[in-house]
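Single-structure report; data block below.
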Amino acid sequence: MTQAPDIAANLDRVRERIAAAVARRGPGPAPLLIGVSKLQPLPALQRALAAGLNDLGENYAQELRDKITALGHDPPRWHFIGALQTNKIKYIVGRALIHTVDRQDLLAPIAARAGQGGLIQDLLIEVNLGDEAQKAGIHEVDLPALLDLIAAYPSLRCRGLMLIPPEGEPAQTRRYFARLRRLRDRLAADPRPGVALDHLSMGMSADYEIAIEEGATMVRVGAAIFGARPR
Ligand SMILES: *Cc1c(COP(=O)(O)O)cnc(C)c1O
């Protein structure tokens, strides 16, 4: 028999560790804590919201849609952190910050949907820094062209970059986080309309403290808050 996780206590512990990592990092705002609730049942999300969490991240478009129908909007603020499929964009646009734009062919459908709703869709670009062929994320060399395209869509607003580093030792993970920050700094030196690069979405349960030390402004923490995912 497994014991239900104490989500409020888990959240307290994560918040303490975030505060300690911020203190090590030095001045600047605290990062946004996104509780990754994919595959978790609604009562788990409700317990986290009752304990003061304001941001939830989901990986599957229909699950996001269903949870928004059940729990509403703002709060919680929703984040879409899963693989994007053009036919499911309708469940996401206007409802969540999208963290996982990684190719040009996603832009037109997202922009069209946002335009229909008369809104501006905020998004982050997922970057593949490890040159892992099978993994999502745009390669560094292709980023400027993607940003140029985003700048041409009035209904899209880029807010920053997102990273899932390759599996590895903490020291290696830290180098990837630092690389994303430097990449952001280089790109930000060349400003484009509709493209702000203030946000770095990086760090998960295993490495969010390192990510904060290296400049994360958003951390995506699942298991450390909600416990192991069912199935
Ligand atoms: C599942 C997931 C997370 C959370 O992972 P944990 O290890 O449970 O913290 C964060 N980011 C992305 C993109 C995910 O898919």
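Values in this text are rule-based calculations from the coordinates and carry no lab data. Since this is a predicted model, take the numbers as computed values, not measurements.
Using only the alpha carbon atoms of segment 1-44, find the Kirkwood hydrodynamic radius as the inverse mean reciprocal pair distance, in angstroms to one decimal.
After inverting the mean inverse Cα-Cα distance, the result is 12.5 Å.
Restricting to the chain, compute how many DSSP beta bridges are antiparallel as a %, nearest 5.
Antiparallel: roughly 5 percent of the beta bridges in the chain.
For segment 1-111, how big is the tail of P(r) above 24 Å, as a whole percent of Cα pairs?
Summing the P(r) tail past 24 Å for segment 1-111 gives 35 percent.
Quick one: compute the contact order of segment 149-226, relative version, from alpha carbon pairs under 8 angstrom and 6+ residues apart, as a percent.
So the answer I get is 32 percent.
With an 8 Å cut-off on Cα pairs and a minimum separation of 6 or more residues, tell me the relative contact order of segment 7-226 in percent.
Reported as a whole number, the value is 22 percent.
Using only alpha-carbon positions, what ratio does the radius of gyration of the chain give when scaled by 2.2 N^0.38 Å?
0.99
With θ taken as phi - 60° and the coefficients 6.51, -1.76 and 1.60, list the Karplus ³J(HN,Hα) couplings across segment 66-80 in order, rounded to whole Hz; mark glycine and proline as x.
Karplus values, whole Hz, x for Gly and Pro: 5, 6, 5, 4, 6, 10, x, 9, 6, x, x, 8, 10, 10, 9.
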